[in-house]
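The structure under discussion appears below in the form of structure tokens.
The values are calculated or read from the model by the stated rules, or taken from the named source; none is laboratory data. Keep in mind that this is a model prediction, so the values were computed, not measured. Virtual Cβ from ideal backbone geometry, glycine too; neighbours counted across all protein chains shown.
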Amino acid sequence: MLIQIKNVLGPRELEQVNALLATAEFVDGKLSAGAVAAQVKNNREISRDDPVVEQLNTLVMGNLVRHPVYQRAALPLRVASPFYACYTDGMEYGEHIDDPIMGTEHRYRSDLAITIFLNNPDEYNGGELFIHTEFGEQAIKFSAGDAVMYPATTRHRVAKVTGGKRLVAVAWIQSMIKDNDQRNILYQLSCAREKLLRKQPDEEHTKQVDWTYVNLVRRWSEL
């Protein structure tokens, strides 16, 4: 299940983020890759030691974790501090699958991956995020401030950038719901539940949907 999360960052936040990115120290992205991914990864990322990362996280992750679509779709238990990546002419990230367990001091399971686009698609050529799904390979290139969230179990790649600069934040989430199918069911049910609670809060079918959603979360969640 691919989910577009719109307006994670608005114009004002994007302006602040890009001002911070302009001052950051970018290093070889292979330094953060696993043994397999390092063979196909060609980008640059902000050094974890750069003090600008904390300021970026306040803006980017602060907005993400408050976003209602993110909360409903991810049902997050833990979310990693993102990598801020830059792709310039000739850079790409070949097909790979994310490591199942990430982190060093605080380990977490990578159930979901999320890419937040920090500049607009007309600012670079190529650079599409291709994700394998049951319906074939999907090409993703969203507007600045939007994000795509997808199961970390899927193979994906970033096409070669042939001009301009691609800027993204990439993070991983451990969900309270480990199973992708169960999480998808809960997301679809939660969308219906939110509409019913807003429009028909006192109807019996609304109470039934609410009861079903709440107790499925209780049954399926792992804390």
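Given the residues 2, 14, which is the only one that is surrounded by fewer than 18 Cβ atoms within 10 Å (Cβ to Cβ), within 30 Å of residue 137 (Cβ to Cβ), under 17 Å from the mean Cα position of the chain (by Cα) and in contact (Cβ under 8 Å) with a residue 12 or more places away in the chain?
Details: 14 fails: surrounded by fewer than 18 Cβ atoms within 10 Å (Cβ to Cβ).
Being surrounded by fewer than 18 Cβ atoms within 10 Å (Cβ to Cβ), within 30 Å of residue 137 (Cβ to Cβ), under 17 Å from the mean Cα position of the chain (by Cα) and in contact (Cβ under 8 Å) with a residue 12 or more places away in the chain holds for just one of 2, 14, which is 2.
Considering only residues that are among the charged types (D, E, K, R), outside any helix (DSSP H, G or I) and within 21 Å of residue 90 (Cα to Cα), which ones fall in the stretch 30-68? If you could, list the steps in order and put the result at the bottom.
Going through the stretch 30-68, the residues among the charged types (D, E, K, R) turn out to be 30, 41, 44-45, 48-50, 54, 66.
Still in the list and also outside any helix (DSSP H, G or I): 41, 44-45, 48-50.
Scanning the stretch 30-68 gives 41, 44, 45.
Residue 144 versus (1) in a strand (DSSP E or B); (2) over 12 Å from the mean Cα position of the chain (by Cα): which is the lone unmet condition?
Here residue 144 meets the rest and fails (1).
Filter the stretch 31-78 down to the residues that are under 27 Å from residue 176 (Cα atoms), of a type in the set (A, V, I, L, M, F, W, C) and modelled with pLDDT under 95 and list them by number.
33, 37
Considering only the stretch 119-141, state which residues are in a strand (DSSP E or B) and of a type outside the set (A, V, I, L, M). Steps first, please.
Of the residues in the stretch 119-141, the ones in a strand (DSSP E or B) are 124-126, 129-133, 136-140.
Residues satisfying the conditions are 124, 125, 126, 130, 132, 133, 136, 137, 138.
May I ask you to verify whether residue 134 is among the charged types (D, E, K, R) and in the same structural domain as residue 64 (by TED's automatic domain parsing)?
Working: among the charged types (D, E, K, R): yes; in the same structural domain as residue 64 (by TED's automatic domain parsing): yes.
So residue 134 fits the description; yes.
Would you point out the residue of the stretch 97-111, among those that are modelled with pLDDT of 95 or more and out of contact with any Ser or Thr (no Cβ under 6 Å at 6 or more places or on another chain), that is nearest to residue 144 (Cα to Cα)?
The first filter runs over the stretch 97-111 and keeps only residues modelled with pLDDT of 95 or more, leaving 109-111.
In the following step, the residues that additionally are out of contact with any Ser or Thr (no Cβ under 6 Å at 6 or more places or on another chain) were identified as 109-110.
Numbers: 109: 28, 110: 24 Å.
Ranking the qualifying residues of the stretch 97-111, first place goes to 110.
Does any residue in the stretch 65-91 that is at positive phi come within less than 8 Å, Cβ to Cβ, of a residue that is hydroxyl-bearing (Ser, Thr, Tyr) and surrounded by fewer than 15 Cβ atoms within 10 Å (Cβ to Cβ) six or more places away or on a different chain, and which pairs are these?
90/162
Got at least one residue in the stretch 198-219 being touching a Gly at 6+ places or on another chain (Cβ under 9 Å) and either under 30 Å from residue 85 (Cβ atoms) or in a helix (DSSP H, G or I) (or both)? If you could, list the steps in order and put the result at the bottom.
Start the filter on the stretch 198-219 by keeping residues that are touching a Gly at 6+ places or on another chain (Cβ under 9 Å), which leaves none.
The answer is no, given that none of the residues of the stretch 198-219 is touching a Gly at 6+ places or on another chain (Cβ under 9 Å) and either under 30 Å from residue 85 (Cβ atoms) or in a helix (DSSP H, G or I) (or both).
If the Cβ limit is 6 Å and pairs must be 6+ apart or interchain, which residue in the stretch 176-201 that is surrounded by 17 or more Cβ atoms within 10 Å (Cβ to Cβ) pairs with which residue that is acidic (Asp, Glu)?
So the pair list comes out as 193/210.
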